[in-house]
1. From the list Lys465, Lys429, exactly one residue is at pLDDT below 90 and among the charged types (D, E, K, R). Which is it?
2. Could you check region 495-528 and list, in sequence order, the residues that are assigned to a helix (DSSP H, G or I) and open to solvent by 70 Å² or more (accessible area, probe 1.4 Å)?
3. Modelled with pLDDT under 95, among the hydrophobic types (A, V, I, L, M, F, W, C) and open to solvent by 10 Å² or more (accessible area, probe 1.4 Å): is that true of Leu106 in this structure?
4. Has region 163-174 got any residue that is among the basic types (Lys, Arg), modelled with pLDDT under 95 and either open to solvent by 40 Å² or more (accessible area, probe 1.4 Å) or under 30 Å from Gln253 (Cα atoms) (or both)?
5. Among the residues of region 217-242, what is the count of those that are free of Cβ contacts under 8 Å to residues at least 12 places away in the same chain and of a type outside the set (Val, Ile, Thr)?
6. Being touching a strand residue (DSSP E or B) at 6+ places or on another chain (Cβ under 6 Å) and under 30 Å from Thr204 (Cβ atoms) narrows it down to one of Gly497, Gly420, Gly414, Gly453, so name that one.
7. Here are some conditions: (1) free of Cβ contacts under 8 Å to residues at least 60 places away in the same chain; (2) of a type outside the set (Ser, Thr, Tyr); (3) buried (at least 22 other Cβ atoms within 10 Å of the Cβ). Arg262 meets all but one. Which one does it not meet?
8. Take the residues of region 428-457 that are of a type in the set (D, E, K, R) and within 25 Å of the chain's Cα centre (by Cα): which is farthest from Val477 (Cα to Cα)?
Amino acid sequence: MALQGKKLINNPDDVVTEFIEGLVETYPGLQYLDGFPQIKVVLRADVERGSYDKVAVISGGGSGHEPAHAGFVGPGMLTAAVSGDVFASPPVDSILAAIRAVTGPLGCLLIVKNYTGDRLNFGLAAEQAKSEGYKMEMVIVGDDCALPPPRGIAGRRGLAGTILVHKVAGAAADAGLSLAEVAAEAKHASEVVGTMGVALSVCTLPGQVTSDRLGPMQMELGLGIHGEPGVAVVELQSVDVVVEHVLKQILSQETQYLPITRGCSAVLLVNGLGGTPIMELMIAARKAVPELQLVYGIAVDRVYTGTLMTSLDMAGLSITIMKSDDSILKRLDAPTKAPAWPVGSEGNRPPAKFPVPLPPSPSIKDDEIFAPSQELSKQGCILEAAIEASATAIINIKDSLNEWDSKVGDGDCGTTMYRGATAILEDMKKRYPMDDAAGTINEIGATIRRVMGGTSGILYDILCKAAYASLKQSSTVTANKWADALEASVAAVSKYGGASAGYRTMLDALIPASAVLKQRLEAGDDPVTAFIASSEAASAGAESTKQMQAKAGRSSYIAPDLLASIPDPGAMAAAAWYRAAALAVKNKLHGSKS
């Protein structure tokens, strides 16, 4: 039976910000941007905005992997780290705040783990920063060696090998190299590193129950760092057998993930996943070193053992192998004051908080609100009813979304969507110009961007931006214009997210909805009838994901048999709000219920 997880925390919603506060109190060489709770950025205290004379190196991602990434901020490693909510990619605005805070004339390198949300958010932030005049480069790290060659668009996951790439890039930047040179060294390091993880337990997210997926005498091979299921569940084995299996997989000549052969040299990293005693990690290291030397003929130049990139409280470890040469060893041996490398910090303590830099020319201030009209038009009332119904529908299925997502992802889909829905209900009364359909959709996107993290947040922001661009072209918004806007939104999400029909994503609900809406309107159907029919198509599309093999997102890492009969949570969420909107419009216009 699943039980409530025990945590030494206060409010589960505050764990990330309170972690950062404790981190900077512990290490005087660190500061954080004063933008809580939306902006969670840790940066070097000795870097002054706009005047830093070296390449800035920034990384980050969802929280729950501590000490990564904030613990690796310091001279010789990261210049700043951006944190999202637990297992959720940081929003674009947070990444931009970090870039603006630490980037000088030489530019900035972003090091990103290969997860869809991270790629989208960091990529969009990089493009925005370029438009503001910053020199930007981005290196994506996908060092997972557990899975077969990637299917679909997801690719190999970014794991603990990312930490070694941080060190190489940070040392290169500290040596005064140019942005192109630092990026080249980081890219090379990312191409010669491989990792595989093994877990004895499933991690427990703050405020949620502990999963009973693994039995007392079972272990999981090849899992990721977000609690998603691994390649296989097997009987518990001795650490020597585990190490042999992991090294065999990393060094496999079939996958050829790692370009290393007999006679080469390597760096070994034995990493704890959060709930593993250092004794057990050292036992694993004691087996791995002679295994590499005697069985594979690989010289071990350096060994790092410790807890560097975790999955909350997961019991288990990962092993990373990086092919070494004189250049990589020089970077790894270079001094650093990043507290988690580990190197002690010294010096006077600066102020803990640092103000968030403002955009060069913000278009809308955060505290700007729209003056409500005395009385909404008929169309404004209909739009208001549809938005309220959609948000309420998401709130009502929060637990179901989390339950589905716990089986096919990281278990937070409902929580993330709930956060967006509640914020929309709060903002709609004071910020949304309901008589301006395009403006309202744009403001919904702004709300989502502010409060929702992870892949779903950025994709819904993209969806709203595309709809806004389509709707604002017309002075009068008709049913056909709404259909055009939905079609444009679907196209934008597909373009930037990389998914399409049959990939087991939110698009499997929205694509059929868009197609049916267009078809029924072109056939001369009443707009309400067409809307209802398209909502039924959305629901059917979402249900059809039960039989689909995932080709995008974290579900693509999970064995197909584990996905069977479980719908995609993102598709179910999209179908729910779309259906609720259609029914609300029908009720508002016809006064009937269905």
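The values are calculated or read from the model by the stated rules, or taken from the named source; none is laboratory data. Please read these numbers as outputs of a predicted model, since none were measured by experiment. Every residue, glycine as well, gets a Cβ built from its backbone with ideal geometry; the counts of neighbours run over all protein chains shown. Surface areas here come from the heavy atoms of the whole protein model, side chains and all, with no ligands, DNA or RNA. Shrake-Rupley method; radii C 1.70, N 1.55, O 1.52, S 1.80 Å.
1. None of the other options fit; the residue is Lys429.
2. Listed by number, the residues that qualify are Lys495, Tyr496, Gln519, Arg520, Glu522.
3. no
4. Within region 163-174 (the criterion being among the basic types (Lys, Arg), modelled with pLDDT under 95 and either open to solvent by 40 Å² or more (accessible area, probe 1.4 Å) or under 30 Å from Gln253 (Cα atoms) (or both)), the answer is no, since none of the residues qualifies.
5. 1
6. Testing whether each residue is touching a strand residue (DSSP E or B) at 6+ places or on another chain (Cβ under 6 Å) and under 30 Å from Thr204 (Cβ atoms) leaves just Gly453.
7. (3)
8. This residue is Arg450.
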